[in-house]
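Colleague: Sharing a structure, written as structure tokens. Questions coming.
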Amino acid sequence: MSENRNAVDALRPKRPIRAQLADFFLKKPLGATGAVILALLIITALLADFVGTHERDAQDVNARLLEPSSEHYFGTDQYGRDNFTRVVHGARVSIYVGLFSVAIGTIFGTILGAVSAYIGGKFDLIVQRIVDAFMGFPGLILALVLVATLGASLTNVIIAISVVLTPRMTRLSRSSSLSIREEVYVLASQSIG
């Protein structure tokens, strides 16, 4: 049945990308809005040197604490630096921290959850109690304690956010692995040897 469906799909003319995007925007407006915001953030981060209106760290004592204007879109800070330019350059750091912390937390959580479900027994019990202990702390407080303990740096912020995300990914991976372990094809392959 699925082979016939694939053959029919191959013969069907492909719809233009513009029509596919219009369908996506109409069927999933929140997802489309999120995608547009993320794309704008990435483009802004990549073109920060061109989008910024002033030098990022240039100080002007005569322009301290100015309100937003046509020259300084977001105003200036206490050192006379342009806030808009600093926000645009800060997008790079935000994307860097977001991508790496989620990637590290997902990788470690997935591996730990799958291994825990596969081995089972006392190992699974110990891992799940540690995960419970980490999930018992509020995420923000745990991240702040880790950054305060490790020191304030970009790498330590990534580590702290990864540690906060890992228990949730461990739980998700473990539950998926346990459900897959009970599937018929797994039991059949175990019976074959």
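Colleague: Can you find, within region 55-81, the residue that is farthest from Ser162 (Cα to Cα) among those that are out of contact with any Lys or Arg (no Cβ under 8 Å at 6 or more places or on another chain) and either open to solvent by less than 50 Å² (accessible area, probe 1.4 Å) or in a helix (DSSP H, G or I) (or both)?
Modeller: It comes out as Asn62.
Colleague: Select from region 82-99 the residues that are touching an Asp or Glu at 6+ places or on another chain (Cβ under 8 Å) and under 30 Å from Val164 (Cβ atoms) and list them in ascending order.
Modeller: Listed by number, the residues that qualify are Asn83, Arg86.
Colleague: Quick check, is Ile119 β-branched (Val, Ile, Thr) and over 30 Å from Phe50 (Cβ atoms)?
Modeller: Details: β-branched (Val, Ile, Thr): yes; over 30 Å from Phe50 (Cβ atoms): yes.
In short, yes.
Colleague: On to the next question. Select from region 119-146 the residues that are surrounded by fewer than 17 Cβ atoms within 10 Å (Cβ to Cβ) and of a type in the set (Val, Ile, Thr) and list them in ascending order.
Modeller: Across region 119-146, the qualifying residues are Ile119, Ile126, Ile130, Ile141, Val145.
Colleague: Report whether or not Val87 is β-branched (Val, Ile, Thr) and either touching a strand residue (DSSP E or B) at 6+ places or on another chain (Cβ under 6 Å) or more than 16 Å from Leu154 (Cβ to Cβ) (or both). Steps first, answer last, please.
Modeller: Working: β-branched (Val, Ile, Thr): yes; either touching a strand residue (DSSP E or B) at 6+ places or on another chain (Cβ under 6 Å) or more than 16 Å from Leu154 (Cβ to Cβ) (or both): yes.
Considered against the rule, which asks whether it is β-branched (Val, Ile, Thr) and either touching a strand residue (DSSP E or B) at 6+ places or on another chain (Cβ under 6 Å) or more than 16 Å from Leu154 (Cβ to Cβ) (or both), Val87 comes out as yes.
Colleague: Considering every residue within region 162-181, establish whether at least one is in contact with a Phe, Trp or Tyr (Cβ under 8 Å, 6 or more places away or on another chain), loosely packed, with under 13 Cβ neighbours inside 10 Å and in a helix (DSSP H, G or I).
Modeller: no
Colleague: Now, a different point. Would you confirm whether or not region 100-110 contains a residue that is exposed (fewer than 14 other Cβ atoms within 10 Å of the Cβ), under 27 Å from Ala160 (Cβ atoms) and out of contact with any strand residue (DSSP E or B) (no Cβ under 7 Å at 6 or more places or on another chain)?
Modeller: Among the residues of region 100-110, at least one is exposed (fewer than 14 other Cβ atoms within 10 Å of the Cβ), under 27 Å from Ala160 (Cβ atoms) and out of contact with any strand residue (DSSP E or B) (no Cβ under 7 Å at 6 or more places or on another chain), which makes the answer yes.
Colleague: Shifting gears a bit: Is region 112-121 home to any residue that is over 30 Å from Met169 (Cα atoms), in a helix (DSSP H, G or I) and either under 27 Å from the mean Cα position of the chain (by Cα) or at pLDDT below 90 (or both)? Steps first, please.
Modeller: Within region 112-121, the subset over 30 Å from Met169 (Cα atoms) is none.
No.
Colleague: Only one of these is exposed (fewer than 13 other Cβ atoms within 10 Å of the Cβ), at pLDDT below 90 and either of a type in the set (Lys, Arg) or under 25 Å from the mean Cα position of the chain (by Cα) (or both): Ala152, Ala188. Name it.
Modeller: None of the others qualify; the one that does is Ala152.
Colleague: Residues being open to solvent by less than 100 Å² (accessible area, probe 1.4 Å) and under 24 Å from the mean Cα position of the chain (by Cα): count how many of those fall in region 41-54.
Modeller: Number satisfying all stated conditions: 7.
The values are calculated or read from the model by the stated rules, or taken from the named source; none is laboratory data. Please read these numbers as outputs of a predicted model, since none were measured by experiment. So basically every Cβ, Gly included, is an ideal-geometry build from the backbone, and we count neighbours across all protein chains shown. Remember, those area values only see protein heavy atoms, side chains included, never the ligands or the DNA or RNA. Shrake-Rupley method; radii C 1.70, N 1.55, O 1.52, S 1.80 Å.
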